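Heads up, the thing below is written out as structure tokens.
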Ligand code: BV8
């Protein structure tokens, strides 16, 4: 594994036809969205794993919705950063470019990424607990906590994959297919701890893809990466883009 060699990362991408990016909470950190496991981790004394579960929602839907309402408030006040925008621009730079995100903040979509796979759902979508209908709800703050379905009156839940819940089979299948067929995978801002998302880079490497990790801190993936760029996504991605523009 080569460390902090941005030139080598650009060379890999220049030679690649099919590029995939996998992102986690770290890419939104510079926009001001708290990460899950960082020092300023999410919300008060709770851990995400204790709140983002169906059991927690069944036990106390009000508390879980207060957490999401608080996060929605933060996210509604931030904007995509140069890291999000660089990845969005790469849809035009490579013959095939796909973005897989674990984030639910919707910032990749706001940055213009169209070929986007949201593994864990989206904080601006809600789902009726009675008939599973999915709809958008962008009210900040929420008009009622917990919110109820306007059609049938049942509780609404966030359309987000909680711990212990399976990911949407089609979304996950597409993510594994993209990982298995890409030439290069950028893994940006994830602690690489949450499965099955954390398995995607290993799937890519097993199919011969080059792995470029962008993260200020080491992760369980770092040793497996071809290149480890230990820096901030909002700085490193534009730096790589600069090199790619020079040669194009
Ligand atoms: C499932 C929605 C089948 C919630 C989330 C196999 C092995 C081990 C465990 C399991 C396994 N299979 C299943 C599990 C259990 C569990 C799991 O993985 N647990 C972990 C904690 C061990 N997985 C599941 O339950 C999944 N379901 O597999 O279904 C099943 C069913 C029943 C029983 C068993 C299996 C569902 C997982 C989805 C959970 N939902 N999000 C919400 O958001 O409200 S996951 C949550 O964590 C977020 O989506 C987040 O994206 C994700 C991963 O975290 P990261 O994105 O990596 O964020 P983190 O804070 O951890 O790290 C930030 C990184 O950024 C750091 O490395 C930091 O250094 C870096 N950084 C900071 N600043 C910057 C930066 N990088 C770049 N630039 C910067 N400026």
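For this structure, a couple of remarks:
- Inspection of the range 192-204 finds no residue satisfying the criterion of being in a loop (DSSP other than H, G, I, E, B), touching a helix residue (DSSP H, G or I) at 6+ places or on another chain (Cβ under 7 Å) and closer than 21 Å to residue 14 by Cα.
- Residue 147 vs. criteria more than 15 Å from the ligand (Cβ to nearest atom) and either over 22 Å from residue 227 (Cα atoms) or surrounded by fewer than 17 Cβ atoms within 10 Å (Cβ to Cβ) (or both): yes
- Residue in the range 158-177 that is in a loop (DSSP other than H, G, I, E, B), within 6 Å of the ligand (Cβ to nearest atom), out of contact with any helix residue (DSSP H, G or I) (no Cβ under 6 Å at 6 or more places or on another chain) and within 27 Å of residue 95 (Cα to Cα) present: no
- Matching residues in the range 54-65 - criterion: being in contact (Cβ under 8 Å) with a residue 40 or more places away in the chain, surrounded by fewer than 18 Cβ atoms within 10 Å (Cβ to Cβ) and more than 11 Å from the ligand (Cβ to nearest atom): 55, 61, 62
- Filter result for the condition that a residue is in contact (Cβ under 8 Å) with a residue 40 or more places away in the chain and at positive phi, over 223, 189: 189
- Residue check for residue 153: assigned by TED's automatic domain parsing to the domain that holds residue 24, more than 16 Å from the ligand (Cβ to nearest atom) and surrounded by fewer than 18 Cβ atoms within 10 Å (Cβ to Cβ): no
- Selection from the range 184-215 of residues that are exposed (fewer than 15 other Cβ atoms within 10 Å of the Cβ) and near the ligand (Cβ under 6 Å from one of its atoms): 193, 195, 196
- Being within 21 Å of residue 199 (Cα to Cα) and touching a helix residue (DSSP H, G or I) at 6+ places or on another chain (Cβ under 7 Å) holds for only one residue in 107, 142, 99, and it is 99.
The values are calculated or read from the model by the stated rules, or taken from the named source; none is laboratory data. Source: prediction; values computed, not measured. Cβ atoms come from the backbone with ideal geometry, glycine included; neighbour counts cover every protein chain shown.
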